[in-house]
């Protein structure tokens with residue numbers, strides 16, 4: 001599951017989870033926001049909710065690497 005929101009909302013959600021989980025050592029933050037097809041996403045953490053839209057998967061892209 002992922003939250004879909006603005007870039008800032010995803011950054012703020014990451015900061016909330018990172019602070020709440022007190023990550024240290026090799027894990028320094030929850031997740032990096034993902035930009036896909038003009039929208040921003042971040043994986044949902046089971047212990048932290050958000051008012052952002054919850055989606056089950058990221059959109060498929062047709063980008064060729």
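The values are calculated or read from the model by the stated rules, or taken from the named source; none is laboratory data. Note that the structure is a prediction, hence the values are computed from the model and not measured. With ideal geometry, Cβ positions are generated from the backbone for all residues, glycine too; neighbour counts draw on all protein chains shown.
For segment 3-10, the condition of being outside any loop (DSSP other than H, G, I, E, B), at pLDDT below 95 and out of contact with any strand residue (DSSP E or B) (no Cβ under 6 Å at 6 or more places or on another chain) holds for none of the residues.
Among the residues making up segment 20-52, those that are surrounded by 12 or more Cβ atoms within 10 Å (Cβ to Cβ) and outside any loop (DSSP other than H, G, I, E, B) are 20, 21, 34, 36, 39, 40, 41, 42, 43. Collect the residues in segment 53-65 that are at pLDDT below 90 and surrounded by fewer than 11 Cβ atoms within 10 Å (Cβ to Cβ), keeping them in residue-number order. Within segment 53-65, 60, 61, 62, 63, 64, 65 qualify.
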